[in-house]
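I have placed the structure first, in the form of structure tokens, so that the comments after it can refer back to it.
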Amino acid sequence: MRKGRSYVTIFAVPIIKSAIKKVRKDKKRTARNAKREQLVKSAVKKARVSKTAESLQTAFSALDKAAKVNLIHKNKANRLKSRLSKITNP
């Protein structure tokens, strides 16, 4: 009788030198993108809550920077900016 299966995730370790470098670069990029994404989310949330011109400007800047480095699509950035401006200026 089996009580349950134990699954173990095995990560493939690259052997080729360029693949090892790619893994190293991907870790750095993932960390950088996570930080940028968190910055965008917090700026948008702050703009929704406080509804001031300064917080709106900060959110717009964060969204534009995220779109510039392809973290989010430019149309998504424009859509979020439009919705934020509707909330702050009804």
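The values are calculated or read from the model by the stated rules, or taken from the named source; none is laboratory data. Computed from a predicted model, the values in this text were never measured in an experiment. Virtual Cβ from ideal backbone geometry, glycine too; neighbours counted across all protein chains shown.
Considering every residue within segment 61-79, establish whether at least one is modelled with pLDDT of 95 or more, acidic (Asp, Glu), in a helix (DSSP H, G or I) and more than 30 Å from Val13 (Cβ to Cβ).
Yes, segment 61-79 contains at least one residue that is modelled with pLDDT of 95 or more, acidic (Asp, Glu), in a helix (DSSP H, G or I) and more than 30 Å from Val13 (Cβ to Cβ).
For Ser55, indicate whether it is modelled with pLDDT of 95 or more, part of a helix (DSSP H, G or I) and of a type in the set (Ser, Thr, Tyr). Spell out the reasoning first.
Numbers: modelled with pLDDT of 95 or more: no; part of a helix (DSSP H, G or I): yes; of a type in the set (Ser, Thr, Tyr): yes.
It is false that Ser55 is modelled with pLDDT of 95 or more, part of a helix (DSSP H, G or I) and of a type in the set (Ser, Thr, Tyr).
Can you find, within segment 40-52, the residue that is nearest to the chain's Cα centre (by Cα) among those that are assigned to a helix (DSSP H, G or I) and not basic (Lys, Arg)?
In the first step, residues of segment 40-52 are kept if they are assigned to a helix (DSSP H, G or I); the result is 40-50.
Checking which are not basic (Lys, Arg) leaves us with 40, 42-44, 47, 49-50.
On the way: Val40: 7, Ser42: 11, Ala43: 12, Val44: 12, Ala47: 17, Val49: 20, Ser50: 22 Å.
It comes out as Val40.
Out of all the residues in segment 59-76, which are over 14 Å from Gln38 (Cβ atoms) and surrounded by fewer than 18 Cβ atoms within 10 Å (Cβ to Cβ)?
Narrowing segment 59-76 to residues over 14 Å from Gln38 (Cβ atoms): 60-61, 64, 67-70, 73-76.
Listed by number, the residues that qualify are Ser61, Asp64, Lys68, Val69, Asn70, His73, Lys74, Asn75, Lys76.
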